[in-house]
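Worksheet: the structure to be examined is printed underneath.
The values are calculated or read from the model by the stated rules, or taken from the named source; none is laboratory data. Keep in mind that this is a model prediction, so the values were computed, not measured. For neighbour counting, all protein chains shown are included, and Cβ atoms are generated from backbone atoms with ideal geometry for every residue, glycine included. Remember, those area values only see protein heavy atoms, side chains included, never the ligands or the DNA or RNA. Shrake-Rupley method; radii C 1.70, N 1.55, O 1.52, S 1.80 Å.
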Amino acid sequence: MKENRKLFFTILATACCTTASWATDFSGAILTGYKGGLGITVSGTASDFAAGFPLSFEMTLGYTSLDPGNAEQARGIFINDATNGTPQKKGYMWEMHLDFLHRVKVFGIRDTYLYAGIRRSMFTANFRYVGGNEDFDVTSNQWGIGAGLKVSFPMGNRVSFVLMTGIDNYFASTLYGHDTSYSPAGEVLNGKHSFTYKEADAVINHPKLQFTGLLGISYGF
């Protein structure tokens, strides 16, 4: 997972720097709000990087804190039938977006954009049982698609207040936990008590259909 994250960040930084060098209009933004949980995103948007091309291009890196799922049932599906210990849990995901934006006019607001693109997420759910001597992660890496509306309100020559709303849909992917995995294709490795992917998926809150509502500040370079 650590190697995946390093590659993830490297790809994003390289893409943003390359795009910024091509574009005649480049801005960066930091936004926070709801993405299935409390989230924060950092993005770079480039326009006019090709003559006559009507769309803008945006790369986004996001982090969201999520409810990981049911700790008691996760233990039974991925570890064993033990019930001792006090369960503690936490969940989060890193995600990268690649979007294209098209300027539209809504309610007379000039800087309004429809956006759509692809997503890549890296989800981790951690379950710890204090007094039970068990601590394990359940992970998944997923592709997805998303679309929505972005509105910018100028606050000066370079700074704008930004609102975004939209929907992201992540596709089913293999769930890995301890030495066990459940695949949406029906493949199970070291499964417990004949559990299936459907049952594991119902217990673990990895990304699925998510509403997005964010606000923040952008700065034009």
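Being at pLDDT below 95 and within 28 Å of Pro184 (Cα to Cα) holds for only one residue in Pro68, Pro87, and it is Pro87. Residues in the range 149-162 that are part of a strand (DSSP E or B) and surrounded by fewer than 17 Cβ atoms within 10 Å (Cβ to Cβ): 5 in all. Scanning the range 115-148 for residues that are of a type in the set (Val, Ile, Thr) and open to solvent by less than 50 Å² (accessible area, probe 1.4 Å), we see that the one that is farthest from Ala29 (Cα to Cα) is Val138. On the stretch given as the range 166-221, residues that are without any contact (Cβ under 8 Å) to a residue 40 or more places away in the chain, farther than 20 Å from Gln142 by Cβ and either acidic (Asp, Glu) or assigned to a strand (DSSP E or B) (or both) total 1.
Of everything listed in (1) surrounded by 21 or more Cβ atoms within 10 Å (Cβ to Cβ); (2) under 28 Å from Ala125 (Cα atoms); (3) in contact with a helix residue (DSSP H, G or I) (Cβ under 6 Å, 6 or more places away or on another chain), the single unmet condition for Gly44 is (2). Considering only the range 108-129, I want to know if a residue exists there that is over 22 Å from Lys35 (Cα atoms), without any contact (Cβ under 8 Å) to a residue 12 or more places away in the chain and out of contact with any strand residue (DSSP E or B) (no Cβ under 7 Å at 6 or more places or on another chain). Yes: one or more hits.
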